[in-house]
Amino acid sequence: MTGGRYRLIGSTASPYAIKLRALMRYRRIPHDWVIMTKALRAATAHLKPMLIPVLQYPDGSFRGETTTLAYDLEARHQGRSV
């Protein structure tokens, strides 16, 4: 992962992943959109519940649950608030 960028792991079939991607684009938060794979599923197996989207933070940690992620990103980044 490129330093200082988030990695949004999801699928175009998930409305929640699309919602979080739209939020990150609107807020101009640097991120890479990645489709969930078996390897990524294994890397995020510790998250409960195992749903998409999953956001990998620049420090390498993974977090899930769209609403919680939206609030966390709001607290971490200034400008273009939602």
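The values are calculated or read from the model by the stated rules, or taken from the named source; none is laboratory data. Predicted model only: the values in this text are computed from it and were never measured. When we count neighbours, we look across all protein chains shown, and the Cβ atoms used for this are built from the backbone with ideal geometry, even at glycine. Just the protein is used for accessible areas: all its heavy atoms, side chains included, with ligands, DNA and RNA removed. Shrake-Rupley method; radii C 1.70, N 1.55, O 1.52, S 1.80 Å.
Restricting the calculation to alpha carbons of the chain gives Rg and Dmax of 11.8, 35 angstrom.
For the chain, the solvent-accessible area works out to 60 Å² per residue, with a probe of 1.4 Å and every protein chain left in place. Here the chain exposes an accessible surface that is 57 percent carbon and sulfur, computed with a 1.4 Å probe and the other protein chains kept in place. Of the trypsin sites (Lys or Arg not before Pro) found in segment 32-82, the ones in coil according to DSSP and having at most 14 other Cβ atoms within 10 Å of their Cβ are Arg80. In sequence order, segment 39-51 has phi-based couplings of 5, 5, 4, 5, 5, 10, 4, 6, 6, 10, x, 7, 10 Hz under the Karplus curve 6.51 cos²θ - 1.76 cosθ + 1.60, θ = phi - 60°, and Gly or Pro positions carry x. Against the main long axis of the alpha-carbon atoms of the chain, helix 15-27 sits at an angle near 30°.
Report, in degrees rounded to the nearest 10, the 0 to 90 angle that the Cα long axis of helix 66-76 makes with the longest principal axis of the chain. The helix 66-76 is inclined about 40 degrees to the chain. DSSP finds beta bridges in the chain, and of those with both partners inside it, around 55 percent are antiparallel. Computing FRET efficiency as 1/(1 + (r/R0)^6) for Ala42 and Asp72, where r is the C-beta to C-beta distance and R0 is 41 Å, gives about 0.95.
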